[in-house]
1. Within the range 214-240, count every residue that is part of a strand (DSSP E or B), polar (S, T, N, Q) and within 14 Å of residue 203 (Cβ to Cβ).
2. Pick from 17, 51: which is at pLDDT 95 or above and crowded, with 19+ Cβ neighbours inside 10 Å?
3. Failed condition for residue 345, given (1) part of a helix (DSSP H, G or I); (2) crowded, with 20+ Cβ neighbours inside 10 Å; (3) in contact with a Phe, Trp or Tyr (Cβ under 7 Å, 6 or more places away or on another chain); (4) among the hydrophobic types (A, V, I, L, M, F, W, C), with all others met?
4. Would you confirm, using the coordinates I've provided, whether residue 46 is open to solvent by 10 Å² or more (accessible area, probe 1.4 Å), β-branched (Val, Ile, Thr) and not in a strand (DSSP E or B)?
5. In the range 151-195, which residues are open to solvent by less than 30 Å² (accessible area, probe 1.4 Å), of a type in the set (Gly, Ala, Ser) and not in a helix (DSSP H, G or I)?
6. What are the residues in the range 96-147 that are over 21 Å from the mean Cα position of the chain (by Cα), without any contact (Cβ under 8 Å) to a residue 24 or more places away in the chain and assigned to a helix (DSSP H, G or I), if any?
7. Could you go through the range 218-241 and let me know if any residue there is in contact with a Phe, Trp or Tyr (Cβ under 9 Å, 6 or more places away or on another chain), of a type in the set (Gly, Ala, Ser) and in contact (Cβ under 8 Å) with a residue 12 or more places away in the chain.
8. Which residues, taken from the range 123-145, are out of contact with any Gly (no Cβ under 6 Å at 6 or more places or on another chain), open to solvent by 30 Å² or more (accessible area, probe 1.4 Å) and either under 19 Å from residue 58 (Cα atoms) or modelled with pLDDT of 90 or more (or both)?
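The values are calculated or read from the model by the stated rules, or taken from the named source; none is laboratory data. Because the structure is a prediction, the values reported are computed rather than measured. No Cβ is skipped: glycine too gets one built from the backbone with ideal geometry, and neighbour counts run over all protein chains shown. Areas reflect the complete protein model, heavy atoms only, side chains present, ligands, DNA and RNA absent. Shrake-Rupley method; radii C 1.70, N 1.55, O 1.52, S 1.80 Å.
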Amino acid sequence: MKLFLRNTVAAILAWETRMVLLKYKPRIIVVGGSVGKTSTKDAIFTVIEKTLIARKSAKSFNSEIGVPLTVLGCDNAWSNPLLWIKNILKGALLLVTREHYPKWLVLEVGVGKPGDIKKTMQNIIPDVVVLTRFGSVPVHVEFFKSPAEVFEEKMQMVKALKSSGMLIVNADDEKILAAREKTKAKSITYGLAKEAMFRGTNVKTVYKNGQPIGTTFKLEYDGNVFPVLISGALGVQQVYSSLAALAVGAYLKQNIVDMTLALSEHENPPGRMKIIQGIKETTIIDDSYNSSPIAAEVALDVLKKIKTKGKKIVVLGDMLELGKFALEEHRKLGAQAGGIADYVLVVGPRAKYLAEGALSKDMSEKNIIEFDDAKAAGKYLEGVLGSGDIVLVKGSQSMRMERAVLEIMAHPEDAETLLVRQEEEWMAKE
């Protein structure tokens, strides 16, 4: 019965979405990929919101229900049937009245199982498609025959793109570059590669009083160089998100300088390499939203390059939905962590494989600690941390790694705004 009701609601919302898009005719920017979709979507919105009448997907609303909720301007009703009825009525009201509706929609589109993106895109014809990174072992691969099948599913976004539209792709990912063959539309490239039309160079971490506070890089575009500052977040993924946003904005004839200033004030979404002040004068790199092999690898590389007088500590939760790749990828990740950190704390049923990987790098066994849950890992950290230490926290969504962050935050009273999954419905889950 529950599945029937869900499918019924999804079908109604999908129909309303189709009708609303036909009536109001907004131009649509779709963001997809395996890594950095939400950060990229938010950065794009930041550079266009002051000059264009736009709406973006809330948080990570990227499913067959999440996308319609964005189009209709509705909130997630969770398990409340009355709120779902309210959402349906709100969609109907858009159809029977003439309301002020956004001229642009910035939609994040994700995949969980085969057919998801095809179903989501059946009502959407994008004017712009932005692709981030793919990775050799993408998240959700467990539900597909191979990574190649995941890639083909994501190409449904490209195939839906208007022939007169624009495809914006990451030049540093060969798979993503190959997406240009799937459409007749023109394309723009961004990345760190020399060939990228929007190229990032001189990527550096910014420090204050010895602690990392953000990232800077230089945008090279059309023969000019522009400095860009990203406050409160670390890593090359922030650079990619900013470059993609700048490429979109330039295509829409936005001023480059104005866009770089907007990005300097941009607030990175929670759980995505966000810098949080920790107890005992420590720094937390909170990357707890979700995890996949490529995202975890990039996060650890950031920690490796950071300068600190204190210890480097990694807290890793399981990476889920990897299927047959799980054991190998966890060992590889553990080995990478073991070669970087002073302590490696691992959480979840697959923690032993992470630990095995760390041990393979001759890390002391006493500095590799296994936990059943994230909160216990955070509690342990309270006794280990010292001034100047840097802690990276990373794991898949259902591992709830934000609970480890909460235990060592200097200001836990700010958790509602700084951490992921702080809604009442999430907090009630075990």
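1. Step one: of the range 214-240, the residues part of a strand (DSSP E or B) are 214-221, 224-231, 233.
Within this subset, residues satisfying the condition of being polar (S, T, N, Q) are 215-216, 224, 231.
If we keep only those that are within 14 Å of residue 203 (Cβ to Cβ) as well, we get 215-216.
Total meeting the criteria: 2.
2. Values: 51 fails: crowded, with 19+ Cβ neighbours inside 10 Å.
Being at pLDDT 95 or above and crowded, with 19+ Cβ neighbours inside 10 Å holds for just one of 17, 51, which is 17.
3. (1)
4. Spelling it out, residue 46 is indeed open to solvent by 10 Å² or more (accessible area, probe 1.4 Å), β-branched (Val, Ile, Thr) and not in a strand (DSSP E or B).
5. 165, 171, 185, 191, 193
6. Matches in the range 96-147: 96 only.
7. Among the residues of the range 218-241, not one is in contact with a Phe, Trp or Tyr (Cβ under 9 Å, 6 or more places away or on another chain), of a type in the set (Gly, Ala, Ser) and in contact (Cβ under 8 Å) with a residue 12 or more places away in the chain, which makes the answer no.
8. 125
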